[in-house]
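Taken together, the values in this text are just the output of simple stated rules run on the coordinates, not laboratory data. What you see is a predicted model, and the numbers here were worked out from it, not measured in a lab. Please note: Cβ atoms are built from the backbone with ideal geometry, for glycine as well, and neighbour counts cover all protein chains shown.
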């Protein structure tokens with residue numbers, strides 16, 4: 001019975017990633033450990049926190065960061081909770097910035113782009129290897145985390161992003177598609193200038209972080225024009241404002257999701273226990289009575 005229910009959830013998530021209308025799919029993304037420890041109370045000390053959260057909240061999908069702990073085991077334990085794991089890999093710029101620093105890496109896109117190229121290629125190679133691990137352990141999708149923008153727009157020259165970063169992101173997306181895994185791009189900020197290239201590179205969806213209501217609506221519209229789905233609808237600003245605000249966001253997101261094109265989740269900005277509480281209430285509202 002449990003395997004059949006998981007297969008049904010897996011199929012429903014895949015339909016949502018294809019943009020089909022239907023019952024909303026709900027998920028959790030980047031949740032700060034300090035914010036979710038309370039949800040892990042009573043679980044095994046050896047159990048990853050994300051597994052404890054999935055067992056309590058029963059989301060349809062959950063992000064599993066490939067660089068934390070035994071990600072393969074976490075992926076399998078999340079699936080054992082009935083939740084489809086979305087395997088997160090670092091994009092090339094994120095990989096370089098993690099090894100150096102964001103300020104240094106962004107400066108290099110202007111000062112020394114040629115020297116940055118082999119480092120970016122190394123990030124692509126590592127991400128593609130990780131995608132193959134994800135396929136072997138039963139992931140349902142790949143999320144490529146690479147922040148190319150902030151709330152006010154691109155973090156680097158758009159020409160550099162379009163000529164150097166989007167093609168490399170596309171290599172990772174193509175590797176995922178080759179493993180029959182939809183690819184989703186996570187980036188903070190307004191990435192509308194890059195969505196066409198991302199869609200042509202093989203990305204099925206985008207998960208934007210840190211956007212206000214109007215920028216999110218504009219990005220959602222542009223993504224749908226490009227044939228991409230969007231993950232979000234429960235932004236950090238709404239969760240920080242308290243449960244009533246979170247419920248209003250959830251109600252709106254639920255309506256949009258039923259028409260297709262939106263998988264409802266947080267935007268990656270959850271950092272406190274209070275925000276977790278608001279997120280739980282919002283997810284329950286989207287799912288409706290059980």
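Take every DSSP beta bridge whose two residues both sit in the chain; close to 5 percent of them are antiparallel. For the chain, the 222 nm mean residue ellipticity estimated from helices alone, with every DSSP H stretch of n ≥ 4 adding -39500 (n - 2.57) and the total spread over all residues, rounds to -16000 deg cm²/dmol. Note the angle between two axes, namely the Cα long axis of helix 102-111 and the longest principal axis of the Cα atoms of the chain, as a number of degrees from 0 to 90, rounded to the nearest 10. Between the helix axis and the principal axis of the chain, the angle is about 30 degrees.
Helix 243-258 axis versus longest C-alpha principal axis of the chain: approximately 80°, rounded to the nearest ten.
Determine, at each q value in 0.14, 0.23 (inverse angstroms), the log₁₀ of I(q)/I(0) that the Debye formula gives when each Cα of segment 52-171 is one equal point scatterer. Evaluating at q = 0.14, 0.23 Å⁻¹ gives log10 I(q)/I(0) of -0.64, -1.19.
Ranking of 112, 267 by neighbouring Cβ atoms within 10 Å, starting from the fewest: 112, 267. Could you compute how fast segment 119-201 diffuses translationally, taking Rh as the Kirkwood radius over C-alpha pairs and applying Stokes-Einstein at 10 °C with viscosity 1.306 mPa s? Give it in µm² per second. Answer, rounded: 122 µm²/s. Helix 2-17 axis versus longest C-alpha principal axis of the chain: approximately 50°, rounded to the nearest ten. Each peptide among 169-180, 229-240, 7-18, 97-108 gets the average number of other Cβ atoms lying within 10 Å of its residues, and from highest to lowest they stand as 229-240, 169-180, 7-18, 97-108.
Extension gain, residue 5 to residue 200, is 66.8 nm, computed as 0.36 nm per intervening residue step minus the present C-alpha separation. Per the Cα gyration tensor, the chain maps to an equivalent ellipsoid with semi-axes of 28, 21, 19 Å, ordered largest to smallest.
Centre-to-centre, using Cα atoms only, segment 130-153 and segment 183-227 are separated by 14 Å. Take 268-279, 241-252 and order them by the average number of nearby Cβ atoms within 10 Å per residue, most first; the result is 268-279, 241-252.
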